[in-house]
Amino acid sequence: MIRKMTENDRELYIRMAEEFYSSDAVLHPIPHEYLERTADEALRSDTYAEIYLLEYEGRTAGYGLTARTFSQEAGGQVLWIEELYIREDFRSKGLGREFFSYIEEKNKDRITRIRLEVEEDNTRAISLYERLGYEKLDYKQMVKDFAGHK
């Protein structure tokens, strides 16, 4: 089952996000404060971020974090899969596929594209994404962080 995070799930989400940012699926950890900001934003409104909890047999199995942007190139609103984290004990049970199906169905009339990032050595995730119809986008991502806003 997939459901939106509630205030009662806030600490559980933050614990799982800490697990995710301690894993090999990311380049580096992030400050705890960033996780709190994300939870606050998702609980405040669904304009920029939404957090979903994934449940399996009544237990919390992971979470998905999405964000929205507008893209001229895509001709409309883009949904970013910012994070999909499935705890080790719950992997290979179809939860990733279920999450993508849920997100696509929920947003089909609002978006023109779904976009995500994946570590090149995360072959398991890449294999799932390819089976779901995702294609490699040959752009090099670049960022500029602003110290005053961290």
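Okay, here's what the table says:
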| read-out | value |
| --- | --- |
| Subset of the stretch 24-43 (residues that are surrounded by fewer than 13 Cβ atoms within 10 Å (Cβ to Cβ), touching an Asp or Glu at 6+ places or on another chain (Cβ under 9 Å) and touching a residue at least 24 places away in the same chain (Cβ under 8 Å)) | Asp24, Leu27 |
| Filtered residues of the stretch 1-22 (kept if small (Gly, Ala, Ser) and surrounded by 13 or more Cβ atoms within 10 Å (Cβ to Cβ)) | Ala17 |
| Conditions (1) among the aromatic types (Phe, Trp, Tyr); (2) within 17 Å of the chain's Cα centre (by Cα); (3) in a loop (DSSP other than H, G, I, E, B): number failed by Tyr139 | (2) |
| Yes/no for Arg97 being open to solvent by 60 Å² or more (accessible area, probe 1.4 Å), touching a Gly at 6+ places or on another chain (Cβ under 9 Å) and closer than 19 Å to Gly133 by Cα | no |
| Exclusive hit being of a type outside the set (A, V, I, L, M, F, W, C) and within 23 Å of Ala125 (Cα to Cα), set Tyr34, Tyr63 | Tyr63 |
| Residue within the stretch 107-117 that is among the polar types (S, T, N, Q) and part of a helix (DSSP H, G or I) present | yes |
| Yes/no for Tyr134 being open to solvent by 80 Å² or more (accessible area, probe 1.4 Å), in a loop (DSSP other than H, G, I, E, B) and among the aromatic types (Phe, Trp, Tyr) | no |
| Any pair with Cβ under 7 angstrom, 6 or more apart, that starts in the stretch 61-77 at a residue that is closer than 19 Å to Asp46 by Cα and ends at one that is aliphatic (A, V, I, L, M) and open to solvent by 20 Å² or more (accessible area, probe 1.4 Å) | Gly64/Leu84; Gly76/Ile111; Gln77/Ile111 |
| Candidate set from the stretch 60-75 (those that are of a type outside the set (A, V, I, L, M) and touching a helix residue (DSSP H, G or I) at 6+ places or on another chain (Cβ under 8 Å)); member that is most open to solvent (accessible area, probe 1.4 Å) | Thr60 |
| Filtered residues of the stretch 105-128 (kept if over 13 Å from the mean Cα position of the chain (by Cα) and either of a type in the set (A, V, I, L, M) or open to solvent by 80 Å² or more (accessible area, probe 1.4 Å) (or both)) | Glu105, Lys108, Asp109, Arg110, Ile111, Glu120, Asp121, Thr123, Arg124, Ile126, Leu128 |
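The values are calculated or read from the model by the stated rules, or taken from the named source; none is laboratory data. In this text, all values refer to a predicted model and were calculated from it rather than measured experimentally. Methodologically, a virtual Cβ is constructed for each residue, glycine included, from the backbone with ideal geometry; neighbour enumeration extends over all protein chains shown. The protein model used for the area step is the full one, side chains on, heavy atoms only, and it has no ligands, DNA or RNA in it. Shrake-Rupley method; radii C 1.70, N 1.55, O 1.52, S 1.80 Å.
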